[in-house]
Each structure stands twice: as C-alpha cells, then as structure tokens.
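What follows is a short report on a single structure.
The values are calculated or read from the model by the stated rules, or taken from the named source; none is laboratory data. Predicted model only: the values in this text are computed from it and were never measured. Virtual Cβ from ideal backbone geometry, glycine too; neighbours counted across all protein chains shown.
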Amino acid sequence: MTMFLRLAMALALTFGCALPAQAAVTITFWSHELGNSFPHAFFSLRGTVDATGQPVDANYGFTARSVSPAILMGTVKGRLDISKPFYISTSDAQFSYVMTDAQYGDILALVAAWDEKTGDSHYNLNDRNCVHFVQEAARRLGLVGLDHPELMKKPRSYLKAVAQANAGRVTPIGQHGKEYLASLPPLPTAPVTPSPAPVQGASGSSSSMSTTDS
C-alpha cells in the first residue's frame, strides 16, 4: 500500500468519512426454452444504485396478455412479464453487463415505455415480441450487433449472437439459472423492485409465468 493511500485512509477514519464504495446494478439477459411454456427472453436487474445505495432485485420481460390463435394473426394486447423465482431458476443466464446509474435509468424508462399502464403495450409476434424487448434494452446500453431478423423468435440464439458481437464488453455466463443464482453474493439489505420512470415515446407490456412467450 502506498504512503498516500495509507494517509487517505487514516484521514477518512479520523474525520468519519467513507471511502467511495464500488457498487452498481448489473443487468443479466436470460432465455427460457424448457418445459411447456413458450420460448422467452427477459432481463434481470440486480445490485446497488451508486447514487442512492438502494439495493435492487427485479426482472422484466414482455409477452402477449393471453395466448390464443390471435397472436398468429397480428397485433394483440401485451404486458410486462415479471417472472417467478422458479421460472428464473429453470431459465438460462446468457450474459450480463454492469450499468452506470444513467444506463439503469434508461432501462427503467424502457420498462415504463412498454408497460400497459404507462406506455404502449401492443404485442406483435413478428415485430414486437419478447426478443424485441431485450433487443431494445441492449440498444439502450450501447451494445452492438443487435440486428438479427432471422433470430427474433429464437431467444437463446439471439442472445448468444449479441454476446458474441460484444465480446469484451459483456460478461458471458451460459449457466443454468439455478447454478447462476446460487453464485450471486447477497445484497447488503432487503432489495426493492424499482418503479419504472415514465418517459416520452412508448412501446410496452407484461405476462404470467405460464403465458410467457417470445
């Protein structure tokens, strides 16, 4: 340890000052292609907001409000999908990215824009499904290589392609959900589900575990 750092720590202790904490919210992109439910893509938010110290543990996906033949015909009503713990544990964590507070705010704005209560929640299997939702999240993070028209109904393949295009920028995971969740350190205090911030310009939606789809 350098003399300067020792002095800085001593002064911090003497005057009751805290050294800067290393904390941030991590977004993890997931795919689900197991069991009887539809293939699905979603993301989770976990960590601590730098500016406030607020712990966060939440997840968001997008799906049709109900599964019916109407999905194949065109646009239907959609909604945000908050996945249950068991559903997440049986999904696959594909890659993660540590966000700045500004990027975290952009992701919450995206959630609000696709929420049926605060934005536009129309769902279309061909051009506004769960993969398009995570694609927009990745775009807001500044990731590249996001355009894969042939993969927009294939959550796992799409996310793998994005991870590959952003090698060195994202952290590849490729783990089953149960294993990945077990590897995460505990949050400092009880986490909260963030309230999406209303934004101008919408796109949006939600679903239950049994009706998640891409």
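In table form, for the structure just shown:
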| item | result |
| --- | --- |
| Single match in G145, G119 (criterion: more than 19 Å from T171 (Cβ to Cβ) and not in a helix (DSSP H, G or I)) | G119 |
| Single residue of region 84-116 satisfying the filter (touching a Leu at 6+ places or on another chain (Cβ under 7 Å) and in a loop (DSSP other than H, G, I, E, B)) that is farthest from R156 (Cα to Cα) | D115 |
| Residues located in region 72-100, provided they are surrounded by fewer than 21 Cβ atoms within 10 Å (Cβ to Cβ) and farther than 24 Å from P172 by Cβ | L72, M73, G74, T75, V76, K77, I82, K84, F86 |
| Filtered residues of region 46-70 (kept if of a type in the set (A, V, I, L, M, F, W, C) and touching a Pro at 6+ places or on another chain (Cβ under 7 Å)) | V56, A58 |
| Of all residues making up region 122-142, the number that are within 22 Å of Q175 (Cβ to Cβ) and either out of contact with any Leu (no Cβ under 9 Å at 6 or more places or on another chain) or assigned to a loop (DSSP other than H, G, I, E, B) (or both) | 2 |
| Per-region count, region 152-171, residues surrounded by 15 or more Cβ atoms within 10 Å (Cβ to Cβ) and within 20 Å of Y60 (Cα to Cα) | 12 |
| Filter result (outside any helix (DSSP H, G or I) and at pLDDT below 95) within region 70-80 | G74 |
